[in-house]
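The values are calculated or read from the model by the stated rules, or taken from the named source; none is laboratory data. Only a predicted model underlies this, so the values are computations on that prediction, with no experimental measurement involved. All Cβ positions, glycine included, derive from the backbone under ideal geometry; neighbour counts span all protein chains shown. SASA here: full protein model, heavy atoms, side chains in, ligands and nucleic acids out. Shrake-Rupley method; radii C 1.70, N 1.55, O 1.52, S 1.80 Å.
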Amino acid sequence: GQSLEQPSEVTAVEGAIVQINCTYQTSGFYGLSWYQQHDGGAPTFLSYNALDGLEETGRFSSFLSRSDSYGYLLLQELQMKDSASYFCAVGTGGGNKLTFGTGTQLKVEL
Amino acid sequence: EAQVTQNPRYLITVTGKKLTVTCSQNMNHEYMSWYRQDPGLGLRQIYYSMNVEVTDKGDVPEGYKVSRKEKRNFPLILESPSPNQTSLYFCASRSRAGGFLGTDTQYFGPGTRLTVL
């Protein structure tokens, strides 16, 4: 089966940069995705990497190294509204099966 | 407005009483999926569907059934619910099934909080 590891909690100050790491063990890898979820809300898609390297979307960037089975989400210019849980997820089964990590709770402080 | 809808949003039921949670999307998406979310366990995929009449098991399919008779609808059926199925359930869709190299957004519904007594 698939397994993913990410830190359970990260705390940072407003305006800072934070990196959330994700390591995975899987077979038939088809990409690493990142999702954000605020308390009481639904997950929202942030980013996706199928190939090695960095993908940038505004203040958010995501990196993948398939040889290291490792990826990270980078959040820049942190804002209070970024306080949420962040999940990494690997796609397998031709990209149709999705396995999520247990999530990282990010707390942004003043 | 492009969206995924689920009904009901909240449900309290008793062990063994069959129930269906509906999911509908208005984006003509090929791919739909069901997840459950439990504290400390993150999201776990129950079933997914790559198109009409094409479904497959996710990581935790036991105790659940699905069907995909129309492209827009993907109901989740619990034939005989048990207390360990008490959870927060999310339906999601994305435009294409299968592996891909580009970015493709998966849209989630608002969630259904189910309690089985």
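For residue B:36, the criteria (1) closer than 29 Å to residue A:61 by Cα; (2) facing chain A (nearest Cβ under 10 Å); (3) touching a helix residue (DSSP H, G or I) at 6+ places or on another chain (Cβ under 9 Å) hold in every case but one, which is (2).
Specify the residue that is surrounded by the most Cβ atoms within 10 Å (Cβ to Cβ); the eligible residues are those in the stretch A:1-48 that are facing chain B (nearest Cβ under 9 Å), part of a strand (DSSP E or B) and not hydrophobic (A, V, I, L, M, F, W, C). Among those that are facing chain B (nearest Cβ under 9 Å), part of a strand (DSSP E or B) and not hydrophobic (A, V, I, L, M, F, W, C), it is A:35. Counting only residues that are buried (at least 16 other Cβ atoms within 10 Å of the Cβ) and farther than 16 Å from residue A:30 by Cα, the stretch A:56-71 holds 2 of them.
Hey, among B:20, B:15, which residue is more than 13 Å from residue B:108 (Cβ to Cβ), open to solvent by 30 Å² or more (accessible area, probe 1.4 Å), among the β-branched types (Val, Ile, Thr) and assigned to a strand (DSSP E or B)? From the options B:20, B:15, the qualifying one is B:20. Look at residue A:74 and say whether it is surrounded by fewer than 22 Cβ atoms within 10 Å (Cβ to Cβ) and under 13 Å from the mean Cα position of the chain (by Cα). Spelling it out, residue A:74 is indeed surrounded by fewer than 22 Cβ atoms within 10 Å (Cβ to Cβ) and under 13 Å from the mean Cα position of the chain (by Cα). When residue B:44 is tested against (1) open to solvent by less than 50 Å² (accessible area, probe 1.4 Å); (2) at the interface with chain A (Cβ under 9 Å from one of its Cβ atoms); (3) at pLDDT 95 or above, just one condition goes unmet, and that condition is (1). Before we move on, is residue B:51 at pLDDT 95 or above and more than 23 Å from residue B:14 (Cα to Cα)? Here the answer is no, as residue B:51 does not meet what is asked. Do we have any residue at all in the stretch B:66-85 that's within 14 Å of chain A (Cβ to nearest Cβ) and open to solvent by 10 Å² or more (accessible area, probe 1.4 Å)? The answer is yes; a qualifying residue exists.
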